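Asker: Before we start, here is the structure in question, set down as structure tokens.
Each value in this text was obtained by applying a stated rule to the coordinates, not by laboratory testing. Small disclaimer: the values here were computed from a predicted structure and weren't measured. Backbone-built Cβ (ideal geometry, glycine too); neighbour counts: all protein chains shown.
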Amino acid sequence: MPSATTAMIIIDQPEAMNLLGLLLARMFERRLAEPRAGRHAARLVGDVVVRAGAMQVTLRFSPAGVLVTRAPARQPIAVLEGTLHALADAVTSGRVARHVRRGDLHFRGSILPLWHLAAILVGAAAAGRRDGRAA
Amino acid sequence: VSALEDVVRCLGEGSVLTDAPARARMGEDMTEAEPAAPDAVLRISTLEELRRVVEVAARHRVPLVPRVAGTNLGGLTIPAQGGWTLDLTGMNRIVSLDAENMVAVIEPGVTFGQLAAELGRLLPPLTIGFPLSPPETSVMANCLLDGLGNLSLIHGHMGDHVNGLEVVRADGSLLRTGAWALGVPVPFSRAPLPDLGGLFMSFQGTTGIVSKLAVELWPELPHRQRAFVLAYDRAATMRALRELPRLEVLHDLGGLSWPTAKLLLGVDRPREHDPAEPEFFFYLDWSAATDTLLAEQRRVITRYLAALRAEGLRIEDPIDVETLVALEPRLGRLATFPTRLDFLLDHPDGGLTWVGTYGPLSRFEAACDEGIAIAERHGFPPTIVARPMKGGHFAVLRFIQIFRRDDPTDRARVRRCNAELCDALLRHGFVMYKTPGWAVERYRSRLDPGFARLLTETRDLLDPGHIMNPGRWALHQERQ
């Protein structure tokens, strides 16, 4: 099993990365430092597309880590779509299901990758609140 | 007796620094302005010391440059003619904090961080307008230079918050302005006496050295919210900045362009704007005496934003700052005041400068468009701070440039860009505040001749020996 500590977050051309990619990269950076989230990430291999508003980024998961890129996805294993507002709230509050029910967030793709992705995102809520208090 | 011996007698050797590192520190700032060290740095701690030093300087005709944190971005404390830099950080007493009359009397060295700590102890709490600058910034300098703060949306620039001044004149004598001039116990207003305070506001220390300042404080309401709104195009941004103040529910509002967001998120040299990402984000603050009122204010704001969306403008609902900070703790730097903008101040390129202007909201969009084109033509990402002031009576439009300070070519590039921005923004009616010397040169030929003459005569009257921060507001060649 790949170790959580081996997970690297790399931003493809940070000078040209959009706001969504930068926020996601920072969030994954903090999340994947935690062993449990790292284990979920290690089980993801392939491209996950995230769209917020009109912005789009591809999260390219591999055993080496996650590449955040604006390049188009290659046969995405999952797609996450919504407003940045809904995405931010879901990630920080953990209320993913509520936003999905309301139609503010949409998940598409195979069940297993979605489950790993949701586990990483929902866990980000507690970590974010903790970091926010420390900031 | 030489001037230096004379001043050493006044202050003692320990307070007169003539070593090269100390002088060099006082002879530069973060901008493209060429460094120029003073002949000595004098550490001043009391009013009496200040008066004696001014008397000595007047006797020997030594130029004096007052300085506190040196965080202004106009080269205003770089000595133009050598002389002595007066380090006023030691004059840092909060002389009085009158909660009942909501006024503080402070010395030049009082910082926003220091005053915030004292205000936080008051019950019920009071506040002051905090600028987007580090906690060590001098409250007095920001007021005297007509800077802005987070209460400027309602109360105007910080020069408007000043109730009275105590000034050491160029001969060492003392005067008080505002109602204070009558010896009233509370410096409650600059009115109703003739407003001599104006002789020292935005004059950049060329007419006297302010030793005490009475500044207005404001109630800190118990319920408050800070939120951010993403706007995907300039039209939505400019319209919201024009219209939101008229709802009269906000106490702070500002727009920051996409490079600022990326700098905050750790990208040192943002280069490209994804057309799909927000071009601007606003920060909104509102506050109220009750939760119910706060919630109603939010409804007013969200209804307004929904109406913009209904017209086809691309703008999102507010995201509370707590959510953003939980998402990315670095965004906490925009959540509380005073704040340390390390992503700008500690940038690896070392150079930070701006063209910061005040002008009419009606010309916001045209000025912004032209400024963005100029910045991009010179290879700078358009790093903009825009905010309405005084209920929307005027606005701030500021273009920030980060550059390699140790590279003469880059300094030359930034000078060309700033000069072009200054001229273009003036054509749209936007005038630089904390006006740097290079901008004064550009304004010289455009100034109303009567204004220029009176300004020069005023300086000659108040500073006949031309020792007060010479080189600033140099409207005539011989005064430079």
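Asker: Which one of B:A236, B:T206, B:A306 is farthest out on the positive end of the charge dipole of the range B:195-347, using unit charges on Cβ (Lys, Arg +1; Asp, Glu -1) and the Cα centre as origin?
Answerer: Selected residue: B:T206.
Asker: If I take R0 = 30 Å and measure r between the Cβ atoms of B:R427 and B:F451 in this structure, what FRET efficiency does the formula 1/(1 + (r/R0)^6) give, to the nearest 0.05? All intermediate terms of the calculation are to be shown ahead of the outcome.
Answerer: Details: r = 19 Å, r/R0 = 0.63.
Efficiency computed from Cβ-Cβ geometry: 0.95.
Asker: Longest exposed-loop-site-free stretch of chain B, with trypsin sites (Lys or Arg not before Pro), DSSP loop and at most 14 other Cβ within 10 Å?
Answerer: B:122-270
Asker: Per the helix-only calculation at 222 nm, which mean residue ellipticity applies to chain B, given -39500 (n - 2.57) for every DSSP H run of n ≥ 4 and division by its residues, nearest 500 deg cm²/dmol? If you can, show how the numbers build up before the last one.
Answerer: Details: 15 runs with 152 residues, N = 480.
One gets -9500 deg cm²/dmol as the mean residue ellipticity at 222 nm.
Asker: Quick one: work out the % antiparallel among DSSP beta bridges in chain A, nearest 5.
Answerer: On the way: 17 of 26 bridges.
Within chain A, antiparallel bridges account for around 65 percent of the total.
Asker: 5 Å is the cut-off here: which amide hydrogens, built 1.01 Å from N in the peptide plane, fall below it relative to B:S96, excluding neighbours closer than 5 in sequence?
Answerer: Amide H neighbours of B:S96: B:V105.
Asker: For labels at B:D406 and B:D460 in the simple 7 Å Cα→Cβ model, what's the distance in nm?
Answerer: 4.6 nm
Asker: Assuming R0 = 56 Å, what is the FRET efficiency of B:A306 and B:V1, from their Cβ-Cβ distance, to the nearest 0.05? Please report the intermediate quantities before stating the final value.
Answerer: Numbers: r = 74 Å, r/R0 = 1.33.
Approximately 0.15, to the nearest 0.05.
Asker: Report, to the nearest 10°, how far helix B:364-377 tilts away from the longest principal axis of the Cα atoms in chain B, using its own Cα long axis and a range of 0 to 90°.
Answerer: Taking the Cα atoms of chain B, the angle to B:364-377 is about 80 degrees.
Asker: The range B:161-227: which GluC sites (Glu not before Pro) are DSSP loop and have at most 13 other beta-carbon atoms within 10 angstrom? Mind dumping the intermediate values first?
Answerer: Values: sites: B:E166, B:E216, B:E220; in loops: B:E220.
Counting only loop positions with at most 13 other Cβ atoms within 10 Å, none of the GluC sites (Glu not before Pro) in the range B:161-227 qualifies.
Asker: What average number of partner chain Cβ atoms lie no more than 10 Å from the Cβ of the residues making up A:20-33? Write down the numbers at each step before the final one.
Answerer: Numbers: counts 4, 3, 9, 6, 2, 3, 7, 3, 0, 1, 3, 0, 0, 0.
Mean number of neighbouring Cβ atoms from other chains: 3.
Asker: If you don't mind, another one. Looking only at the range B:167-190, which residues have a backbone nitrogen under 15 Å from a spot 7 Å from the Cα of B:R59 in the C-beta direction?
Answerer: Only B:171-173 pass the distance filter.
Asker: Using the crude model of +1 on Lys and Arg Cβ and -1 on Asp and Glu Cβ, and no other charge, please compute the dipole size for the range B:91-164 relative to its Cα centre, in debye to 20.
Answerer: Working: 2 positive and 7 negative charges, 25 e Å.
Dipole size: approximately 120 debye.
Asker: Now for a different question. If you stretched the chain out fully between B:N101 and B:E376, how much longer would it get, using 0.36 nm times the residue separation minus the C-alpha to C-alpha distance? Write out the running numbers ahead of the final one.
Answerer: Working: separation 275, 0.36 × 275 = 99.00 nm, distance 4.84 nm.
My answer for the length gained is 94.2 nm.
Asker: Would you kindly state how much longer the chain becomes between B:A295 and B:E13 on full extension, computed as 0.36 nm times their sequence separation minus their alpha carbon distance, in nm to one decimal?
Answerer: On the way: separation 282, 0.36 × 282 = 101.52 nm, distance 6.02 nm.
Gain in length upon complete extension: 95.5 nm.
Asker: Let me ask something else about it. Near B:K390, which lysines are there with a Cα under 21 Å away, not counting those fewer than 8 places off in the same chain?
Answerer: B:K434
Asker: Let me ask something else about it. Please give the calculated 222 nm ellipticity per residue for chain A, where each DSSP H segment of at least 4 residues contributes -39500 (n - 2.57) and the sum is spread over every residue; nearest 500 deg cm²/dmol?
Answerer: Working: 5 runs with 62 residues, N = 135.
My calculation for chain A gives -14500 deg cm²/dmol from helical runs alone.
Asker: Between B:L47 and A:R102, with labels modelled 7 Å along Cα→Cβ, what's the label distance in nm to one decimal, could you check?
Answerer: The modelled label-to-label distance comes out at 5.8 nm.
Asker: Size of the dipole of the range B:296-427 about the Cα centre, Lys and Arg at +1 and Asp and Glu at -1 on the beta carbon, nothing else charged, in debye to 20? Don't jump to the answer; show the numbers that get you there.
Answerer: Numbers: 20 positive and 19 negative charges, 70 e Å.
Using only the charged Cβ atoms, the result is roughly 340 debye.
Asker: Further question on the same structure: Can you tell which of A:A118, B:A373, B:N142 lies farthest toward the positive end of the dipole of the protein assembly as shown, using +1 and -1 charges on the Cβ of basic and acidic side chains (Lys, Arg; Asp, Glu)?
Answerer: A:A118
Asker: Shifting gears a bit: Beyond 34 Å, what share of the Cα-Cα pairs of the protein assembly as shown is found? Please give it as a whole percent.
Answerer: Details: 88838 of 188805 pairs.
Roughly 47 percent, once rounded to a whole number.
Asker: Moving on to the next point. Any idea what angle helix B:234-243 forms with the longest principal axis of chain B, computed on alpha-carbon atoms, 0 to 90 degrees, nearest 10?
Answerer: Its long axis makes an angle of about 70 degrees.
Asker: Rounded to the nearest 20 debye, what is the charge dipole size of the range B:366-480 about its Cα centre when +1 sits on each Lys and Arg Cβ and -1 on each Asp and Glu Cβ? The partial results should precede the final answer.
Answerer: Values: 19 positive and 14 negative charges, 37 e Å.
So the magnitude is around 180 debye.
Asker: Something else now. Would you give the gap between the C-alpha center of the range B:221-260 and the C-alpha center of the range B:154-194, rounded to a whole Å?
Answerer: 33 Å
Asker: Any chance you could give the angle, 0 to 90 degrees and rounded to 10, that helix B:449-462 forms with the longest Cα principal axis of chain B?
Answerer: 50 degrees
Asker: Does the range B:371-480 come out rounded, prolate or oblate by the C-alpha gyration tensor, with a ≥ b ≥ c the root eigenvalues, rounded set by a/c under 1.5 and, if not, prolate when a/b is larger than b/c and oblate if not?
Answerer: oblate
Asker: Same structure again: Compute the separation of the alpha-carbon centres of the range B:85-140 and the range B:271-308 and state it in Å as a whole number.
Answerer: Using only Cα atoms, the two centres lie 30 Å from each other.
Asker: Taking R0 as 35 Å, what FRET efficiency do you get between B:S173 and B:R363 from their Cβ-Cβ distance, rounded to the nearest 0.05? Could the numbers behind the result be given before it?
Answerer: Values: r = 44 Å, r/R0 = 1.24.
For B:S173 and B:R363, the calculated efficiency is 0.20.
Asker: On to the next question. Using only atoms on other chains, find how many Cβ atoms lie within 10 Å of each Cβ of peptide B:379-387 and report the average. Please list the in-between numbers first.
Answerer: Details: counts 0, 0, 1, 0, 0, 0, 0, 0, 0.
Mean shielding count: 0.
Asker: Then there is this: Evaluate the relative contact order of chain B (contact order divided by residue number), counting alpha-carbon pairs under 8 angstrom at least 6 apart; express in whole percent. Write down the numbers at each step before the final one.
Answerer: Values: 1018 pairs, mean separation 80.0, N = 480.
Averaging sequence separation for qualifying contacts and normalising by length gives 17 percent for chain B.
Asker: Just counting partner chain Cβ atoms within 10 Å, what average do the residues of peptide A:9-16 show around their Cβ? Don't skip to the answer; put the middle values down first.
Answerer: Details: counts 0, 0, 2, 0, 2, 8, 8, 7.
Averaged over the peptide's residues, the number is 3.
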